[in-house]
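Remarks on the structure that follows.
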Amino acid sequence: MKLVSYDSAGSWRPGIVVDSSVFDVDTLLKGNRGENARPISSVSELLREYGAGLAELSERLTVAARLKPQAVVGTFDKVRLGPPVTDPSKVLCIGLNYNDHVAETGRALPSHPDIFAKFASTLIGPFDEIRCSGITQNLDFEGELAIVIGKECRGVTAEEALDFVAGVTVLNDITARDLQYRGTQWLAGKAVDASTPCGPALVTLDEVGDVQELSIQTRVNGAQVQSSNTRYMIFPVRELVSYISFFLTLSPGDIITTGTPQGIGAKRQPPLWLKPGDTVEVELQNVGVLRNVVR
Ligand code: MG
């Protein structure tokens, strides 16, 4: 199942992609949820209600899409998409999670996952413009696999961790390097308003396959600048979820972005900074492509 947030007259609504068309999820579920059920107004709300039964939800929505063609809102490539989850309670980010990236930064291998945060206000849609050039001279890209939590969890083991993950999406952890390195905390460089493309869809785990066997590439103006595979993560997804859930509660819709491989602009010779007019793409196997123009 591919879940999206799509723009409906200025508001985000939850959608599902069936045969290259986007259908409104709340319309598809009407009649199934009882007369007085509240409308489902976001993907995170959908996960709160159905996160424990995503396979059943997928079947129900797919059947309903065939029976209710009036629920279609447009084709996938025409509808304006937001980040798949527009209102996560947390956006947690892992730094230094690929050996070759740790090597290019000159840092020691981490003994535990290195964690920082972004805010929901950083997230933009998969094809939106990245409008950051006015506040930084050193705008950089970081192509990453991001996971979305499906069920609340605290203190889960690595073995059971994937049971609490709804699926996978793509995230470009856009970073203002000059702001990042003004102090010891990375937040200023990582949490710029409307800087972080995410999407195009939340693809559920049953469709993604093995999350640790996905190729990932980043391109700037068509030239490949990062190319790796999620098998090279130092801390795999299940260990990240387990480790984070040891100290905080993960909630449906929460995003964990899992770190970037080697090839960031800051460590290239000469450095490659994103400038107005550049197009940056991140492609994750079985999940999709982000394509964003810098302004
Ligand atoms: Mg990153």
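Inside the stretch 157-192, can you point out the residues that are within 14 Å of residue 140 (Cα to Cα), open to solvent by 10 Å² or more (accessible area, probe 1.4 Å) and not charged (D, E, K, R)?
Matches in the stretch 157-192: 179, 181, 186, 188, 191, 192.
Taking residue 92, is it away from the ligand (no atom under 16 Å from the Cβ), surrounded by fewer than 24 Cβ atoms within 10 Å (Cβ to Cβ) and under 30 Å from residue 18 (Cα atoms)?
Taking the combined requirement at face value, the residue does not satisfy it.
Could you tell me which of the residues 267, 275 is within 16 Å of the ligand (Cβ to nearest atom) and of a type in the set (D, E, K, R)?
Residue meeting the stated conditions: 267.
Of everything in the stretch 233-257 that's within 16 Å of the ligand (Cβ to nearest atom) and either touching a helix residue (DSSP H, G or I) at 6+ places or on another chain (Cβ under 6 Å) or not in a loop (DSSP other than H, G, I, E, B) (or both), which residue is most open to solvent (accessible area, probe 1.4 Å)?
Filtering the stretch 233-257 for residues that are within 16 Å of the ligand (Cβ to nearest atom) and either touching a helix residue (DSSP H, G or I) at 6+ places or on another chain (Cβ under 6 Å) or not in a loop (DSSP other than H, G, I, E, B) (or both), the one most open to solvent (accessible area, probe 1.4 Å) comes out as 233.
Only one of these conditions is not met by residue 288: (1) farther than 23 Å from residue 163 by Cβ; (2) touching a residue at least 40 places away in the same chain (Cβ under 8 Å); (3) surrounded by fewer than 18 Cβ atoms within 10 Å (Cβ to Cβ). Which number is it?
(3)
Mind telling me which of the residues 95, 125, 150, 143 ends up being closer than 15 Å to residue 180 by Cβ and touching a strand residue (DSSP E or B) at 6+ places or on another chain (Cβ under 8 Å)?
95
Of everything in the stretch 33-67 that's part of a loop (DSSP other than H, G, I, E, B) and modelled with pLDDT of 95 or more, which residue is nearest to residue 170 (Cα to Cα)?
Filtering first and then ranking leaves 42.
Tally up the residues in the stretch 97-130 that are open to solvent by 40 Å² or more (accessible area, probe 1.4 Å) and part of a loop (DSSP other than H, G, I, E, B), please.
Looking only at that region, the number is 9.
Here's the yes/no breakdown for (1) under 22 Å from the mean Cα position of the chain (by Cα); (2) closer than 27 Å to residue 209 by Cα:
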{"position": "101", "(1), (2)": "yes, yes"}
{"position": "104", "(1), (2)": "no, no"}
{"position": "111", "(1), (2)": "no, no"}
{"position": "119", "(1), (2)": "yes, no"}
{"position": "123", "(1), (2)": "yes, yes"}
{"position": "150", "(1), (2)": "yes, yes"}
{"position": "156", "(1), (2)": "yes, yes"}
{"position": "165", "(1), (2)": "yes, yes"}
{"position": "178", "(1), (2)": "no, no"}
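Can you spot a residue in the stretch 162-178 that is more than 25 Å from residue 230 (Cβ to Cβ), within 15 Å of the ligand (Cβ to nearest atom) and touching a Gly at 6+ places or on another chain (Cβ under 9 Å)?
Within the stretch 162-178, one or more residues are more than 25 Å from residue 230 (Cβ to Cβ), within 15 Å of the ligand (Cβ to nearest atom) and touching a Gly at 6+ places or on another chain (Cβ under 9 Å).
The values are calculated or read from the model by the stated rules, or taken from the named source; none is laboratory data. Keep in mind that this is a model prediction, so the values were computed, not measured. Neighbour counts are summed over all protein chains in view; Cβ atoms, including those assigned to glycine, are modelled from backbone coordinates with ideal geometry. Note: accessible area is taken over every heavy atom of the protein model, side chains too, but ligands, DNA and RNA are not part of it. Shrake-Rupley method; radii C 1.70, N 1.55, O 1.52, S 1.80 Å.
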